[in-house]
Amino acid sequence: MSQELWTKVEQYFAPVIQEDEALKAAAKEGEKAGLPPIAVSPNEGKLLMLMAQMIGARKILEVGTLAGYSTIWLARGLSEGGRLITLEYEQKHAEVARKNIARAGLGEVVDVRVGDATKTMPELVKEGAGPFDLIFLDANKDGYPAYFEWSLKLAREGAVIIADNVVRDGGVIDAASKDASIQGVRRLNEMVAAEKRVSATAVQTVGSKGYDGFAVVLVS
Ligand code: SAH
Ligand code: DHB
Ligand code: MG
């Protein structure tokens, strides 16, 4: 099985996914601004939206905004009156994202905060911004262990934490890897395995973005 086939199958499912103009524009504007092409795929974005809807999410936190592509999917999954906060380190990414989010009609629903999430997550705790119903981790992977710890402080009982890119082409099984992203994801998985307050699984994914996966973690 190949990348080419995974991409074709993803395209085959386009009528099911129904990525609209605002999402297509968000992806295109990110690319035009020179942002890296590492947003979630349409199929993955739709899954994020559906998960938010399935749990009736009213407060969502995202860590790693990029151009706001996943942000738009997630915010569309909010129930009436819901709000989303998304954390982004790069000012330039945040500016592109704010435009994309406004174009999607979500400017009043989404708050893009600029800064290092190891600083902005503790600020959210201090502010009492939570508790969140859904937290999506998708920033620098070496930061995942810290983001997971802060997420546990910010999540309500019954919340879902989703972490992107936990498979990395299978690289995650290489215990000796010198890649800080792999080690960050491995440490996250160990923390999840050892944490008594959560129940979790890993969903392996293939598609236009290659072979990767989501960790899905239920907080109790
Ligand atoms: N969720 C996006 C993709 C995010 S890519 C989508 O699927 O559409 C990862 C993003 O995390 C990048 O924009 C990067 O600038 C940001 N990032 C990296 N380190 C960070 C940090 N320490 N704090 C917050 N954001 C960070
Ligand atoms: C990378 C980051 C991501 O969030 C992603 O979905 C894919 C790749 C990366 O840093 O390579
Ligand atoms: Mg990702």
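Computed from the C-beta positions of Leu5 and Ser177 and an R0 of 30 Å, the FRET efficiency is 0.65 to the nearest 0.05. Dividing the mean sequence gap of close Cα pairs (under 8 Å, 6+ apart) by how many residues the chain holds gives a relative contact order of 18 percent. Relative protection proxy for 172-183, 209-220, from highest mean packing down: 209-220, 172-183 (other beta-carbon atoms within 10 angstrom). Classify the range 6-90 as rounded, prolate or oblate, taking a ≥ b ≥ c as the square roots of the eigenvalues of its Cα gyration tensor: rounded when a/c is under 1.5, otherwise prolate if a/b is larger than b/c and oblate if not. The shape class here is oblate.
Would you mind classifying the range 35-162 by shape? Square roots of the alpha carbon gyration tensor eigenvalues, ordered a ≥ b ≥ c; an a/c under 1.5 is rounded, otherwise it is prolate if a/b is larger than b/c and oblate if not. In terms of gyration-tensor shape, rounded. By other beta-carbon atoms within 10 Å, ranking Thr86, Thr205 with the fewest at the front produces Thr205, Thr86. Helical runs assigned H by DSSP (4 residues or longer) give the chain a calculated mean residue ellipticity at 222 nm of -13500 deg cm²/dmol, each run adding -39500 (n - 2.57) before division by the residue total. The gain in end-to-end length when the Ala194 to Lys126 segment is fully stretched comes to 21.8 nm, 0.36 nm per residue minus the alpha carbon separation. Each label point was placed 7 Å from the Cα along the Cα-to-Cβ direction; for Lys92 and Glu21 their separation is 2.9 nm.
Remark: the chain projects, on average over all directions, an area of 11.8 nm² (convex hull of Cα atoms).
Shown for Trp6, Trp150: other C-beta atoms within 10 Å of each C-beta, ranked fewest to most, produce the order Trp6, Trp150.
Applying 0.36 nm per residue to the separation of Lys153 and Glu108 and subtracting their alpha-carbon distance, the gain on full extension is 13.6 nm. In terms of other Cβ atoms within 10 Å, Ile55, Ile101 run from fewest to most in the order Ile55, Ile101. If you run the Gaussian network model on the chain, springs between alpha carbon atoms under 10 Å, then out of Glu123, Glu149, Glu44 the most flexible one is Glu123.
Starting from the Cα of Tyr211, step 7 Å toward the Cβ, then list every residue of the range 150-173 with an amide N under 19 Å from that point. Zone members listed by number: 164-173.
None of the figures in this text is laboratory data; all of them are computed from the coordinates on show. Note that this is a predicted model, so its numbers are computed, not measured. Backbone-built Cβ (ideal geometry, glycine too); neighbour counts: all protein chains shown.
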